[in-house]
1. Compute the projected area of the convex hull of the Cα atoms of the stretch 427-508, averaged over all viewing directions, and report it in nm² to one decimal place.
2. Can you figure out the FRET efficiency of Gln395 with Lys327, using R₀ = 25 Å and their beta-carbon distance, to the nearest 0.05?
3. Return the distance in nm (one decimal) between the two label points of a simple spin-label model at Ala145 and Ala493, each offset 7 Å from Cα along Cα→Cβ.
4. Multiplying the sequence separation of Val467 and Asn172 by 0.36 nm and subtracting their Cα-Cα distance, what value in nm do you get?
5. Quick one: net charge around Asn409, please, counting Lys, Arg +1 and Asp, Glu -1 for every other residue with C-beta under 9 Å from its C-beta.
6. For the stretch 392-474, what is the convex hull (Cα atoms) projected area averaged across all directions, in square nanometres?
7. For a bin width of 10 Å, list the pair-distance distribution of the stretch 413-456 built from all Cα-Cα distances, rounded to whole %.
8. Of the cross-linked pairs Lys147/Lys327; Lys190/Lys573; Lys190/Lys327; Lys498/Lys573; Lys147/Lys195; Lys465/Lys498, which ones have a Cα-Cα span greater than 25 Å in the structure shown?
Amino acid sequence: MVKNSKRKSSDDSGAIVSDNDSHIGSSNTKNTAPALRSVNEEVETADNLQCEDPFEDVYEEDDASYEDVYESSGDEDDEYMEAMTEGDTSAAAAAAATTTTTKEEPKLPPPINTNDGELQPAQIKTWNPFMGNTTGEQLEMDETAYKMHHALTPEWPSLTLDIVPDAHLGENRTRFPHTVTMVVGTQADKRGKNKLSVLRMSDLCRIPGSGREKTEKELDDEMLGDAWKHENDDDSDSSSSDEEGEEEELDPVLENYSFPHSGGGINRIRVCPHNPSVVGVWGENGEVSLYDIGGAIDMLDRSSLSSNARKNDGNLAMNKEVRKMRKDPFFVYSGHSTEGYAIDWSRVTPGRLATADCDGNIHIWNATHPVTPNDIVAKYGNKSQSSPWSNSSFQVEPMYAAHGDNLDNPSVEDLQWSPTEATVLASAECGGYVRIYDIRCPGKAMISNKIHSGGADVNVISWNKLVGNLLATGGDDGSFSVFDLRNFQTSDASIPPKPLARFHSHRTPITSLEWHPTDESMIAVSDDNGTYVYDLSIEEDDPENNMNEEEAAVEGVIPPQLLFVHSGSDMTKEVHWHPQIPSCIATTSLSGYSVFIPSNL
């Protein structure tokens, strides 16, 4: 420890001055070091007054001890002690200074850890929906992304579903709770266990707190603070409680009625748009069956616990007569050479149906008697009587066979009737082909184009019902495209037509796609990893940042047109918009069914 002292004195040596034994400036004065003075010399008397030191001694901690400073060499210590013995303070100070300069610089202390012992934060990674769940972690649903979300896990998975429009609840239904009716087909482990089921899901409430408009009092309190006193505070509270009562959360109700399907697993289901009681079913045994589900719909209408049905049309639902139930299909067609997936009803001609199989054969169906409910009642009277449908209700004609360059794999994967032309339909085929047919010219396609130069299969197609010249396609390579049929025919058959838009972000095959029923630019797309909603009218704000064709062709790139992603389902197979509930989407997958409304639509 080094002692530093500050003393106020006229003597530079720091000696104490006394009138009796020394005089300032006298050559005979003997300077004695303070440490060597005797005790008697230090005693203060009247004749020997000592100067009072107004400064306190200040001690500073040094990194090295006294021994550390002087143990390197004994010479410096001897010089210092000798000088102090002789009273030569100047020499002692010089010896001490020399020793100090030879001392090593003290080591700096380690830097202070500003994290207080915490681990460094992990690198943040952005989740890409197109990449799937590569980490194996379980995804958690963000409830703020949905206005409504309900999921159902059935006994057996389903490859297909379709929405059954409701005849009593009206169009453009926005008020909660909702009621959704749909038909599904099973894929059971044994052929005899498969069935066609009609599901009625009622009391489907919104997610609590999502989308409720704030009251006038809540807006005032938010703007002016708690000190603000609303004039009608009590009335506002009561009205708010009434609104909360109207939005009371209810337990969803599920009702179902099943029809046995002896043809094995069900590949595809389609509901007749002109008469929702008629359902077409493609079976894995190669047969196409038509079911009359009108009796099941009547039974569900009577027993439904939906609050909307009770409030809007309860008397009619309770008093209506139930049509005769028929569990077996009223028409079974075995004219196809093998099983298939393509089936679609015409929206222009009532009762017109098209089916296609995996051998490339397309057959056209036409009803032999009235199809719409009003026409049936007009001809057959009371609809509570026996069903007019029978095995002679339709006439089926093979119209097209496999042809073209894909004879080695001619499977027709999907069919779509034109929304405006009664005789025109489009087909999605293996090998990357899309063909346009006119049934007035049997045996050949009017337009045939290979839209995928690499030969990837075209799995699904969807014809825009609001803009009749737009056709969307989804491929086995994970791409989906939108074509303008006015420019679909090319002069050189070897050059594929240029789409209006093409997206390559999906890394798994496109399994389903469908245009929005009331928004001409919105489309729902599904692949194995999830369901996606695109708005094709969206463009980049900065034109310089628009993706070029090369960037758009990179897998996993998130396009600006992507509005919503629904994940968490295992192998999504089909997606449909509800035609009467705006922006309501229903999906089926190996893990079950989902019905939801995105919060941003």
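1. 5.7
2. For R0 = 25 Å, the calculated efficiency reads 0.50.
3. 4.6
4. 104.2 nm
5. That works out to -3.
6. For the stretch 392-474, the mean projected area of the Cα convex hull comes to 6.1 nm².
7. Cα pair-distance distribution for the stretch 413-456, in percent: 29, 51, 18, 1.
8. Lys147/Lys327; Lys498/Lys573; Lys147/Lys195
Every number here is computed from the coordinates shown, using simple stated rules; none is lab data. What you see is a predicted model; the values in this text were computed from it and never measured. Using ideal geometry, Cβ is built from the backbone for each residue, glycine included, and neighbour counts are taken over all protein chains shown.
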